[in-house]
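Contents: one structure, followed by commentary.
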Amino acid sequence: MSKQRTIRLECGKPNQIIYVVGTVLNIDIYKPAPLGSQFFEVRSSPGVKCSILDVHNMTVAADQAARWTLNNGTLLVVTMEEISKRVDDHKVSVIFYGDKLDKPIDKIIFQLTAIFISLDVDADRDGKVEKNNANKGSWMWGPKGHGAILLVNCDKEETGSAESDRYDDTVPVFEDLGDMSHMILRTEGPDSMLPGYKLQLHISASDKDKVQVFRHDLLNMTKVLGREKLSAVMDYTKGSNEYHFFVEGLKFPDEKIISLVTFNLSLLEPMIEGHAPIFTEHVVFRLAPWIMMPNTQAPQEVFVCSVSNNAKFLKEFRALVEKAECKLTVCSEELNRHDRWIQDEIEFGYTEAPHKSFPVVLDSPRNSGLMMFPYKKLLGPDFGHVTRQSNFVNSLDSFGNLEVSPPVTVNGKEYPMGRIIVGSAFPTTSDGRNMAKVVRNFLNAQEVQSPIELFSDWLYVGHVDEFMTFVPAPDRKGFRLLLVSPDDCCKLFKKLQKEGHGETQMFENLHIKPIKINEILSNQNLLDYNAYVQQCIDWNRDVLKKELGLDEQDIIDIPVLFKQEQKFNQAIAFFPDMVNMIILGKYLGIPKPFGPLVNGKCPLESAVRSALEPLGLDCNFIDDFVTYHLKKGEIHCGSNVRRKPFSFKWWNMEM
């Protein structure tokens with residue numbers, strides 16, 4: 001729909017009008033008509049299209065040889081298609097007549113200068129700024145959608161800087177422009193313009209803390225919008241020009257940060273006092289979200305900590321990473337400050353626009369020994385950082401309590417980037433532990449991975465990675481959900497007992513007291529407690545089946561037992577929790593359970609192998625007993641993986 005502009009003119013006065021191609025001029029010719037006027041005629045130079053809009057809103061072309069009856073409400077409608085070569089090179093005359101049609105009473109003459117103005121962005125999402133896209137002023141999801149995308153400039157191009165680039169009010173290096181979205185203000189018209197006209201670029205107060213805009217002029221980068229600056233004004237002295245702007249996002253979407261950002265452009269006409277807008281348009285950006293990757297995405301880099309007593313573990317772990325042909329980064333004791341739980345400190349993700357994508361680490365609010373690791377070792381050129389802080393932190397704020405499913409379809413609704421999963425207190429409990437609201441608000445605001453909350457507060461540590469994970473599979477939905485199962489473990493031990501292996505022992509050759517299968521099965525308190533744990537897991541099982549659209553065939557039960565942590569009456573793993581594994585493509589790093597040996601083999605390991613190896617998975621059992629298990633964690637808790645982003649583009653989601 002063309003932009004409408006109302007023009008007020010007077011007889012006997014010179015009128016110069018700047019006309020912006022694509023607009024419609026509506027001129028009331030009844031009100032300025034001299035007394036006694038009954039008829040009028042319109043004459044215009046070639047290139048000017050004039051129409052008459054009468055009181056019945058019927059528009060007819062203004063024939064230059066015709067005279068029209070003048071009525072209250074009669075409008076002259078003027079449009080042009082060609083850009084002027086000179087100022088005032090087009091003219092329109094409206095001639096008024098009384099009852100004597102051979103003698104004009106008076107006339108209105110106005111001269112037109114046609115110019116073209118367009119504020120342009122990459123509205124079709126192909127990585128290039130096209131000219132005057134019809135959809136640039138709105139945003140729509142989907143493969144047939146439209147609207148520009150804005151990256152949050154959260155990496156750090158200069159190594160000497162302590163914070164990400166979004167905190168700068170300058171562009172320290174030109175490489176930083178690659179993280180920004182290009183916006184072009186294009187004008188076309190005569191080589192010189194009527195004096196005093198200006199172009200104003202402006203944003204609303206609600207958007208000022210979300211974006212920052214720099215103008216690129218020759219070799220200079222000048223900040224023109226953002227934070228305290230709501231508008232930028234430029235003299236419009238010639239018709240044909242291009243003004244290049246680079247826009248950076250300052251904040252990811254959040255509870256109070258709406259994703260859409262609007263930029264407004266106005267052409268200002270000089271008045272006796274000040275300037276008045278005679279043309280406006282706007283473009284819309286959406287802030288790109290932070291996106292997690294599930295375990296089924298290909299691994300790119302593996303992270304683990306070196307601490308005082310995990311040299312043996314590191315040797316086995318390194319062998320697994322080499323087998324998977326991944327890059328390994330070991331965080332030194334000097335940097336981790338005796339904190340081995342690197343999964344809990346950070347979560348790897350990425351952000352993407354049509355012109356660029358880069359990894360972004362989400363830094364948890366736990367702030368333990370590893371708190372400086374993401375700043376010192378990750379934040380840098382094309383590697384971003386974002387965090388959410390809370391004054392009240394508990395174990396559920398650690399990111400072992402943050403997972404994401406592979407892509408799923410649920411009741412016809414597609415989630416091509418999976419769904420985020422966090423653990424919380426039971427829904428009917430008012431005094432349980434929950435992940436910090438600021439983190440949950442952040443995750444919800446990203447929109448593309450609609451979060452699910454599970455019940456994890458029954459665990460002493462309270463993380464979802466203690467009872468579930470996803471592994472790749474060649475069939476069905478492309479993955480399997482693994483869930484711990486005390487029930488399966490008890491059945492396995494009863495089977496061993498029935499076969500005469502009740503006196504075999506767990507934890508042999510470890511520096512703790514071994515325990516026999518018969519002792520485990522005769523401990524009724526332990527069995528009763530695991531029946532309770534199984535109910536907690538089954539509650540989550542039902543939630544996951546519903547929210548991820550899973551069938552029982554999509555779920556594999558892994559035998560694990562739990563025991564009651566006496567002080568807080570919550571669950572910890574009785575032996576190394578095999579679900580708490582690291583997944584590197586088809587290679588799995590699984591905590592070695594140190595189960596009873598039957599004919600030289602561990603039945604717990606055999607049960608896992610028989611469940612997973614038919615899927616083409618390579619099971620590697622690693623001893624983490626002393627270095628992680630006894631400290632109430634396992635391999636997944638003590639490692640982290642940066643993975644390949646989705647090939648699917650988030651803006652193509654059907655929302």
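The values are calculated or read from the model by the stated rules, or taken from the named source; none is laboratory data. Treat the numbers as computed from the prediction; the structure is a model and nothing was measured. Every residue, glycine among them, receives a Cβ derived from its backbone with ideal geometry; neighbour counts consider all protein chains shown.
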Q) Here are some residues: Phe399, Phe426. Which one is touching a helix residue (DSSP H, G or I) at 6+ places or on another chain (Cβ under 7 Å) and among the aromatic types (Phe, Trp, Tyr)? A) Phe399
Q: Count, please, the residues in region 306-329 that happen to be under 29 Å from the mean Cα position of the chain (by Cα), farther than 18 Å from Met581 by Cβ and surrounded by 14 or more Cβ atoms within 10 Å (Cβ to Cβ).
A: 1
Q.
Restricting to region 53-82, give me the number of residues that are at pLDDT below 90, in contact with a strand residue (DSSP E or B) (Cβ under 6 Å, 6 or more places away or on another chain) and surrounded by 14 or more Cβ atoms within 10 Å (Cβ to Cβ).
A. 4
Q) Gly462 passes all but one of (1) under 27 Å from Leu617 (Cβ atoms); (2) surrounded by 21 or more Cβ atoms within 10 Å (Cβ to Cβ); which number fails? A) (1)
Q: Could you name every one of the helices (runs of 4 or more DSSP H) located completely within region 410-528 that has at least 1 residues being of a type outside the set (Lys, Arg) and closer than 15 Å to Leu396 by Cβ?
A: 437-445
Q. Is there a residue in region 285-305 that is more than 33 Å from the chain's Cα centre (by Cα), touching a residue at least 60 places away in the same chain (Cβ under 8 Å) and outside the structural domain of Ser204 (by TED's automatic domain parsing)?
A. no
Q | Hits in region 311-351 - residues which are charged (D, E, K, R), part of a loop (DSSP other than H, G, I, E, B) and out of contact with any helix residue (DSSP H, G or I) (no Cβ under 8 Å at 6 or more places or on another chain) | A | Glu325, Arg337
Q. Of the residues that make up region 40-49, is at least one of a type in the set (D, E, K, R), modelled with pLDDT under 95 and surrounded by 17 or more Cβ atoms within 10 Å (Cβ to Cβ)?
A. yes
(Q) When the residues of region 239-262 are narrowed to those that are hydrophobic (A, V, I, L, M, F, W, C) and more than 19 Å from the chain's Cα centre (by Cα), which ends up surrounded by the fewest Cβ atoms within 10 Å (Cβ to Cβ)? (A) Phe246
(Q) Given the condition without any contact (Cβ under 8 Å) to a residue 24 or more places away in the chain and not hydrophobic (A, V, I, L, M, F, W, C), answer yes or no: does some residue in region 557-567 qualify? (A) yes
Q: State which residue is farthest from Leu459 (Cα to Cα) when the search covers only region 542-566 and only residues that are part of a helix (DSSP H, G or I) and either out of contact with any helix residue (DSSP H, G or I) (no Cβ under 9 Å at 6 or more places or on another chain) or polar (S, T, N, Q) (or both).
A: Gln553
Q: Could you tell me which residue of region 599-618 is surrounded by the most Cβ atoms within 10 Å (Cβ to Cβ), considering only residues that are acidic (Asp, Glu) and closer than 20 Å to Ala324 by Cα?
A: Asp618
Q) Applying the selection to region 619-645, what residues are surrounded by fewer than 21 Cβ atoms within 10 Å (Cβ to Cβ) and either on the phi > 0 side of the Ramachandran plot or among the hydrophobic types (A, V, I, L, M, F, W, C) (or both)? A) Cys619, Phe625, Val626, Leu630, Lys632
Q) Filtering region 413-438 down to residues that are touching a Leu at 6+ places or on another chain (Cβ under 7 Å) and of a type in the set (Val, Ile, Thr), which residue is nearest to Asn391 (Cα to Cα)? A) Val422
Q: Determine whether Ser405 is of a type in the set (S, T, N, Q) and farther than 28 Å from Arg433 by Cα.
A: no
(Q) Criterion first (closer than 30 Å to Met435 by Cβ, modelled with pLDDT of 95 or more and surrounded by fewer than 19 Cβ atoms within 10 Å (Cβ to Cβ)) does Ala531 satisfy it? (A) yes
Q. In region 205-236, which residue that is more than 22 Å from the chain's Cα centre (by Cα), among the hydroxyl-bearing types (Ser, Thr, Tyr) and more than 26 Å from Asp382 (Cβ to Cβ) is surrounded by the fewest Cβ atoms within 10 Å (Cβ to Cβ)?
A. Ser231
Q: Tell me, please, whether a residue that is surrounded by fewer than 21 Cβ atoms within 10 Å (Cβ to Cβ) and within 19 Å of Lys437 (Cα to Cα) can be found in region 369-379.
A: no
Q: Run down Gln524, Gln553 and say which single residue is more than 29 Å from the chain's Cα centre (by Cα) and over 23 Å from Arg480 (Cα atoms).
A: Gln524
Q: Output the number of the condition that Ser606 fails; it satisfies all remaining conditions of (1) among the polar types (S, T, N, Q); (2) over 21 Å from Ile517 (Cα atoms); (3) outside any loop (DSSP other than H, G, I, E, B).
A: (2)
